[in-house]
1. Explain nothing, just the number: relative contact order of segment 144-283, from Cα pairs under 8 Å at least 6 residues apart, as a whole percent.
2. So how do Glu94, Glu240 rank on accessible area, 1.4 Å probe, biggest first, that is with the largest at the start?
3. If a/c stays under 1.5 just call it rounded; otherwise compare a/b with b/c (prolate if a/b is bigger, oblate if not). Do that for segment 158-226, with a ≥ b ≥ c from the square roots of the Cα gyration tensor eigenvalues.
4. Give me the percent of accessible area attributable to carbon and sulfur for the chain, probe 1.4 angstrom.
5. Please label the shape of segment 114-266 as rounded, prolate or oblate, based on the square roots a ≥ b ≥ c of the eigenvalues of the alpha-carbon gyration tensor (a/c under 1.5 means rounded; beyond that, a/b larger than b/c means prolate, else oblate).
6. How much of Phe34 can a 1.4 Å solvent probe reach, expressed as accessible area in Å² and rounded to 10?
7. Please give the contour-minus-distance gain from Leu135 to Thr112: 0.36 nm per residue of separation, less the Cα-Cα distance, rounded to one decimal in nm.
8. Take each uninterrupted DSSP H stretch in the chain, measure its Cα extent along the helix axis, and return the ones at 18 Å or beyond whose mean Kyte-Doolittle hydropathy is at least -1.0.
Amino acid sequence: MSRSLTTLSSHRCFGGIQGFYRHDASEIGLPMKFGVFVPPQAAQGPVPVLFYLAGLTCTEETFAIKAGAQRVAAELGLMLVTPDTSPRETGIEEANAAWDFGHGAGFYLDATMAPWSRHFRMESWVTQELRTLVLAHFPARADRVGVFGHSMGGHGALTLALRHPGLFQSVSAFAPIAAPMQCAWGEKAFSGYLGNDRKTWAAHDATELVKAGHRAPPLLIDQGMADQFLVSQLHPHLFEAACAAAGQPLTLRRHEGYDHGYYFIASFVEDHLRHHARALAAA
C-alpha cells in the first residue's frame, strides 16, 4: 500500500490545523484527495477520528468549508477526515456525462462492471487504504473511529458501518439515501457499477442490510422535512421500519422547514459531533 502523501494546503483553524492532502491510492489506481482537521488536543496525543462522507457532486473540501464543524470538533478533541467522493481524471468517457453518476458520485462501493471497476473502488479505499494512511500519518486513535455522511455519503456511512462490523464505533447521517434500491439515484448507480443483479445491490442497501441481520452501533439520522429529495430518493421511513423490526437502535429526527443542503447540515452538525464524542468515549 502506498504511503506517499502530499500536503496541498494547511490552515490554522480554532487552534488546530485544517489541511488538504493527496496520495497515490493503490486501491483506486489514481491520486486521491482528502482533508483532515487535526484538533489542538492532538498535540498531547492521539485523538478520536471521524470520517465524513460527502454527497453527490461534492469534493474533499465541501464539508470543511460549508458545515462549520471545526469549532465544535476543536472543543471535543475530534479529528475530521473528509475524503473526495470519487476518483477523478479517470479517462472514462462517460464519467462526466451526468452529475449523479461517475465523477463526484462514487457511492462508496467497489464497482464490478467495466469500465468502472478499474478505478471506482471507494469502499476499499475508505475502509482500508485511507483509514490506514490516516492512522499512520496523523495522531488518530485506531480504537476510536466514527463515520458519518450526507445524502450519498449518508448511504455510505450506513452501509460501510453495517458491512464492516467493528470498524466504526459511532455512526450518523444527514438525509441519507436510506433505501437506494427503491430510488432512481440508487438504481442508476447500482446498475452502472454493479450490473443488473438486484441481489448484488442488496449488499449495498442499508435497509436491506438491516433486514438481512447486519448491525451497527446506535444510529443518529437527521432529516429535513422540506428536503426536495425526501419523497423521491431518500426513503428514511423504510430504513426506520427495518431498524424497528430488527431491533437496530436508531434515532431518526425529522425537522420541519429544512431542505437538503448545507444550511441544514450546519444547523445540526454540533449534535452529530457530540453524538460521536459520547459514543467514542464509551467505546
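1. Across segment 144-283, relative contact order equals 27 percent.
2. Accessible-area ranking of Glu94, Glu240, largest first: Glu94, Glu240.
3. Here segment 158-226 falls in the oblate category.
4. The value for the chain is 52 percent carbon and sulfur by accessible area.
5. rounded
6. Surface accessible to solvent at Phe34 totals approximately 0 Å².
7. Once the chain is fully extended between Leu135 and Thr112, it gains 5.5 nm.
8. 262-282
The values are calculated or read from the model by the stated rules, or taken from the named source; none is laboratory data. Quantities reported herein were computed from a predicted structural model and do not represent experimental measurements. Using ideal geometry, Cβ is built from the backbone for each residue, glycine included, and neighbour counts are taken over all protein chains shown. Ligands, DNA and RNA are excluded from the accessible area calculation, which covers all protein heavy atoms including side chains. Shrake-Rupley method; radii C 1.70, N 1.55, O 1.52, S 1.80 Å.
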